[in-house]
Structures are given as structure tokens and as C-alpha cells.
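Peer 1: A single structure is presented below for examination.
The values are calculated or read from the model by the stated rules, or taken from the named source; none is laboratory data. Every value quoted in this text rests on a predicted model; they were computed, and no experiment measured them. Here Cβ is always computed from backbone atoms with ideal geometry, including for glycine, and neighbour counts include all displayed protein chains.
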Amino acid sequence: MLLFVLSVLVVVFVTFGGGAVFIPMFEDMFVYRMEIFSIEEYSSIIAILNAFPGPTGGKIAGYTGYVEYGVVGFIFASLAFILPGTIMMLISYNLVEKVKDSKLFKQLNLYIKPIVIGIFLSIVLKFTVTSFNIMGYVETIVITVVSYILLDRFKLSPLKVIGLAILYGVISYTLF
């Protein structure tokens, strides 16, 4: 379990950004390096975990800890995910307050945005390819278009769209 917790800590310390940034990092760690999940299992886990509130990275770490080591694994993985960021946030708050109006700080913020967009596009591309491989092109495109219409045109909440997608998956899995 020590190696697992250290692996979570490594990902936490080298990853910057929101919860979605952790998805490819944990994928590399839990799918390819530690071989805890297959890519199909990992994609399904991400889809299900995103139906629940909270940071994605913490949910991935906690769930994987639970799968590997039960409740104790869940607790240690969750703490390994939460504590470093909390400590760094408390320390960096004072620094940001001192430099937030500087030209350098504002310039750095401009360069971070394209990087974050690239990370999100990378995640979308990986999930799209995985969906194509699992469900096929037509079903993936139909689900994507229907989800977009429900979210954008009908202003349905993302939670309801995810719930409908889960219901569709359960129905199509049991029928076919």
C-alpha cells in the first residue's frame, strides 16, 4: 500500500490544474504503470465518478485505493490526494496576495489558459477514441449529439444528462 500512496503523492505533486488534469495522469499511473484497470474500465470509472460532485482526481484516487486496499486504502489515498494541495494552498495564498498585481503574474496567467485547453482536448480525444472502440462510431456520435442538444438547447443539467446516459447504458447493456 505504501507504493500506491506514494504513487498518488507523485501525481499530486507534479500535476497542476483542476480535477480534469488528473484524469490522464492517473490513467498513466493506474492503467499503464500499475495495471489496476484496463483502459475500458478506467473510462467507465471516470464517466461514473463524474456523475458525483467533487474533484475528479480525489474521486479517482479514493476509488482506486478502495478497489486495491478496501476502506483503509480509500482513506490513505484520499488523504494523499487532499493534504498536499491543502498545505500548498495555505502556503501559496500569501505569495499570490503579494504578486497578484505584477506584470509577470498576469503574463503567466495568459500562457496557462492554452495549456489547460490542450489538456481538455487531449482528454476528449482519448475518450472519443475509447468510445469508438467500445461502442462504434454511430452510437458514439449519436450519444454525443444528443447530449449536446440536451445540454445546450434544452438547458438540461449535466447531472440529468449523465443520469440519462447511465440509464441508456444499463438498458442497452441488458438488451444487447
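Peer 1: Of the residues Tyr168, Tyr111, Tyr93, which is of a type in the set (Phe, Trp, Tyr), over 20 Å from Lys59 (Cβ atoms) and either surrounded by 13 or more Cβ atoms within 10 Å (Cβ to Cβ) or under 20 Å from the mean Cα position of the chain (by Cα) (or both)?
Peer 2: Selected residue: Tyr168, the only one of Tyr168, Tyr111, Tyr93 that is of a type in the set (Phe, Trp, Tyr), over 20 Å from Lys59 (Cβ atoms) and either surrounded by 13 or more Cβ atoms within 10 Å (Cβ to Cβ) or under 20 Å from the mean Cα position of the chain (by Cα) (or both).
Peer 1: All but one of (1) surrounded by 11 or more Cβ atoms within 10 Å (Cβ to Cβ); (2) outside the structural domain of Ile45 (by TED's automatic domain parsing) hold for Lys106; state the number of the condition that does not hold.
Peer 2: Condition (2) is where Lys106 drops out.
Peer 1: Check segment 51-74 and report whether any residue there is crowded, with 18+ Cβ neighbours inside 10 Å, more than 16 Å from the chain's Cα centre (by Cα) and without any contact (Cβ under 8 Å) to a residue 24 or more places away in the chain.
Peer 2: Yes, because at least one residue in segment 51-74 is crowded, with 18+ Cβ neighbours inside 10 Å, more than 16 Å from the chain's Cα centre (by Cα) and without any contact (Cβ under 8 Å) to a residue 24 or more places away in the chain.
Peer 1: Kindly check whether there is at least one residue in segment 69-77 that is in the same structural domain as Arg33 (by TED's automatic domain parsing), among the small types (Gly, Ala, Ser) and modelled with pLDDT under 90.
Peer 2: Within segment 69-77, not a single residue is in the same structural domain as Arg33 (by TED's automatic domain parsing), among the small types (Gly, Ala, Ser) and modelled with pLDDT under 90.
Peer 1: Among the residues of segment 105-132, which ones are of a type outside the set (Phe, Trp, Tyr) and touching a helix residue (DSSP H, G or I) at 6+ places or on another chain (Cβ under 8 Å)?
Peer 2: Within segment 105-132, Val116, Ile119, Ser122, Ile123, Lys126, Thr128, Thr130, Ser131 qualify.
Peer 1: Same structure, new question: Give me the residue from segment 13-40 that is of a type in the set (A, V, I, L, M) and part of a helix (DSSP H, G or I) and, out of that set, farthest from Leu108 (Cα to Cα).
Peer 2: Only one residue fits best here, namely Ile39.
Peer 1: Looking at Lys103, Lys126 in this structure, which one is among the basic types (Lys, Arg) and within 27 Å of Thr140 (Cβ to Cβ)?
Peer 2: Just a single option satisfies the conditions, and that option is Lys126.
Peer 1: Just to be sure I understand, how many residues within segment 78-119 are among the small types (Gly, Ala, Ser), part of a helix (DSSP H, G or I) and either modelled with pLDDT of 90 or more or more than 30 Å from Glu35 (Cα to Cα) (or both)?
Peer 2: 4
Peer 1: For segment 120-176: of the residues being in a helix (DSSP H, G or I) and in contact with a Leu (Cβ under 6 Å, 6 or more places away or on another chain), which is farthest from Glu40 (Cα to Cα)?
Peer 2: Only one residue tops the list, namely Leu150.
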